[in-house]
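The values are calculated or read from the model by the stated rules, or taken from the named source; none is laboratory data. Predicted model, so just to flag it, every value in this text is computed and none were measured. Reconstructed Cβ throughout: ideal geometry from the backbone, glycine too, with neighbour counts over all protein chains shown. Keep in mind that these areas ignore ligands, DNA and RNA; they rest on the heavy atoms of the full protein, side chains included. Shrake-Rupley method; radii C 1.70, N 1.55, O 1.52, S 1.80 Å.
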Amino acid sequence: MGGVLVQVLGFCFWAFMWFAGSTVIVNPTTTPTPSAGGGGGGGGNQQPGPAAAAAAAAAAIAVDGTKAVATTDGDFVCATLDWWPPEKCDYGTCSWGLASLLNLDLSNNILLNAVKAFSPLKLRLGGSLQDKLIYDTGDPQQPCNPFVKSTSDMFGFSEGCLPLHRWDELNDFFRKTGAVIIFGLNALNGRIRLRDGSLGGPWNSTNAASFIQYTVDKGYTIHGWELGNELSGSGVGARIGADQYAADVITLKSIVDTTYQSSSSKPLVLAPGGFFDANWFSELISKTKPNYLDAITHHIYNLGAGVDSRLINRILDPSYLDSEISTFRNLQGILKASGTSTVAWVGEAGGAYNSGHHLVTDAFVFSFWYLDQLGMAAKYDTKSYCRQTLIGGNYGLLNTTTFEPNPDYYSALLWHRLMGTNVLSVNFKGTNKIRAYVHCAKESNGITVLLINLSSDTTTQVSVATGDGVDNVARDSIHNGQGSRKLSRTPRLTKENGVTREEYHLTPKDGNLHSQTMLLNGNALSVDSDGNIPELEPVEVDATQPISVAPYSIVFAHIPNFDAPACR
């Protein structure tokens, strides 16, 4: 059968049926009941929610499945590992523990299984201290000393060193887990301070080139080499002009080409790992085109400082979330207008800077921001999105002490397994408290719909239909309600067809947004005694019914029979 699983006869009729009648009271945390013969855990369990009862509202999504509006890498979900020592503290709290690349317990079973579960997980190795890191390549004039706390030094630490034996250990871990590695290189070697306060002079690439050669000689696989961390635009701690940075990127490209000349494939060259500055990024792209720079990487900490008391208000505010659209849109505009082969990545995103905030950026509530960011970035043709961090600080996907997955780990894993590389255009009709994104399903038929409900008291019933009349204005208006799209009239699916979809409903334990335990279809997610990541089982739902999105919940819905030519 060609067509959709859930068919609406028209949004006006849909809205009339719901809004003209009396308010309906429903339990906001009731999970769908599996249909006869359906699989999946969770069943019809009910858990305490954010409210005892909630009003119901209706909404509709028109999906244009004729073509993809953007594409991502298959390993779009990425996470970072950092260099911060245990002495790294913010606002009187020291949240990094033994999570540094230099001291992380690489034998921990939960860590190993957490990375393996992605098959593969892309890891970006870097952060603020990468531009103070030297590599022990046997130079007797350059002793290999650890980072030492020093209030007089940039970022509060002295220069540090990566011993080659630790690099060997890390690569053994990467091999065992199948991780895909991006390594952030020190871009400050050789710089001199200029009169305007910026750093100039060509990058001294000697130490980096020796390190890259060692890596090649050992047969270690590196997916990409990234130059510098937060040195673009006005910089963080230090800054370098775009003209000089472009010259340094070309130097790195030459080193990679030469060192890997006998290899069947060469690593990517990425830069600058900094905050988006339109003029600076434009100049870098202009002077490295068409193909010296493979990916331009930018960072996102748009929620403010980790100590900010308004973090949750911002996470739950649709207009605040929408404010980041301009960064994605403007960067894509620059790339498309420049004639470059360079693509966009988010190289680091922790939401709240200075290590995040405990029980916010490591709790259920942060999945609203994180999954919305993934959806938004993908929609604007971002190829990879690296979350700060895999482990470390108060924004790790894993708990820094126990290694237990935080809620966002499961959000990331579900995205990775369900959302394919082709992004589809959608037009959402309904409350702005629902965030909606649709991709072709990953390694499966049909589409996957992601729905995020920012409302505390309203369950929204969302119908999904095919749409036509798509144009750029409609595509960009998904969040602000402007524009419209006609819903196509295809044959209605009936219960007798026996067609079902798979749903994954995510809610916090006890309805507490600060909870670090995520429920999937009513069941708590946790590793077992051997450190194994739990199975993420869906519930099977009658496809003729709308998708029910409870207050303060997230739903992934895989609709296998949705007729989307872009997904065939």
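Enumerate the pairs (first residue in segment 358-371 and not assigned by the TED database to the domain that holds Asp510 and open to solvent by 10 Å² or more (accessible area, probe 1.4 Å); second residue anywhere and among the charged types (D, E, K, R) and not in a loop (DSSP other than H, G, I, E, B)) with beta-carbon separation below 8 Å, excluding pairs fewer than 6 apart on the same chain, so at least 6 apart or on different chains. Taking only residues 6 or more apart or on different chains, the pairs are Asp362/Asp408. Whenever a residue of segment 301-320 is closer than 12 Å to Thr361 by Cβ and of a type in the set (Gly, Ala, Ser), its partners that are assigned to a strand (DSSP E or B) and open to solvent by 40 Å² or more (accessible area, probe 1.4 Å), lying with C-beta atoms within less than 9 angstrom and at least six residues away or across chains, give the pairs Gly304/Tyr353; Ala305/Tyr353; Gly306/Thr93; Gly306/Tyr353. Somewhere in segment 388-410, is a residue part of a strand (DSSP E or B), closer than 26 Å to Ala564 by Cβ and out of contact with any Phe, Trp or Tyr (no Cβ under 6 Å at 6 or more places or on another chain)? No. Criterion first (farther than 30 Å from Lys433 by Cα and modelled with pLDDT of 95 or more) does Cys161 satisfy it? Judged against the criteria, Cys161 is a match.
Among the residues examined, His416 does not qualify as open to solvent by less than 10 Å² (accessible area, probe 1.4 Å), over 27 Å from Ala55 (Cβ atoms) and of a type outside the set (Lys, Arg). Asp139 satisfies every condition listed in (1) modelled with pLDDT of 95 or more; (2) of a type in the set (Asp, Glu); (3) surrounded by fewer than 15 Cβ atoms within 10 Å (Cβ to Cβ) except (1).
If you go through segment 426-453 and keep only what is free of Cβ contacts under 8 Å to residues at least 40 places away in the same chain and either among the hydroxyl-bearing types (Ser, Thr, Tyr) or closer than 19 Å to Ile325 by Cα (or both), you end up with nothing. Applying the selection to segment 164-193, what residues are over 27 Å from the mean Cα position of the chain (by Cα), surrounded by 13 or more Cβ atoms within 10 Å (Cβ to Cβ) and not in a helix (DSSP H, G or I)? Leu188, Asn189, Gly190, Arg191, listed by residue number. Scanning segment 335-357 for residues that are part of a loop (DSSP other than H, G, I, E, B), open to solvent by 20 Å² or more (accessible area, probe 1.4 Å) and either among the hydrophobic types (A, V, I, L, M, F, W, C) or touching a Leu at 6+ places or on another chain (Cβ under 8 Å) (or both) gives Thr340, His357. Checking the stated criteria, Cys89 turns out to be over 21 Å from Arg166 (Cα atoms), assigned by the TED database to the domain that holds Gly306 and open to solvent by 20 Å² or more (accessible area, probe 1.4 Å).
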